[in-house]
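We did not get these values from a lab; they are worked out from the coordinates using the rules stated. Nothing here was measured: the structure is a model prediction, and the numbers come from that model. A quick note on method: Cβ atoms are made from the backbone with ideal geometry, for glycine too, and the neighbour counts reach across all protein chains shown.
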Amino acid sequence: MEITETKGFCAGMALALREEMRLTPRVILLVFLVLQVFDGVLTYTAVAWLGVVGEGNVLLATAMHFVGAGPALVAAKTLAAACGVLLYVRGFYTVLGALTGLYLLAAITPWLMVFHSL
């Protein structure tokens, strides 16, 4: 088998990101934390407009009924951020990256679609 190299790439590796283009774990953690804050603000705004019925998470909606939207969201987002930091500290960068992407698609995007339709 012959391996051909062109400008630092091996054949078949054209789709792989170069080392300097990969996201560092710190950037992934930062994006995760920013998404937590952004989701908290979007959720609070939606609950203020639509009521607690606008929240799809049953546990969070129940907590909102008992302690209010603000404290429930602060507690939930603090717990989520702490779990993200724990993943970062323990070195589970791939899991943190996957959760960040999933969070963007499953939590942020639906809120943006709701606000866009209003």
Here, the stretch 20-117 modelled as identical Cα point scatterers in vacuum has Debye log10 I(q)/I(0) at q = 0.21 Å⁻¹ of -1.05
With a point put 7 Å past each Cα toward its Cβ, work out how far Val53 is from Ala82 in nm, to one decimal. 3.4 nm
Along the Cα→Cβ direction, 7 angstrom out, place labels at Met113 and Tyr93. What is the inter-label distance in nm? 3.2 nm
With labels modelled as points extended 7 Å from the Cα through the Cβ direction, what inter-label distance (nm, one decimal) is found for Arg26 paired with Val41? 2.4 nm
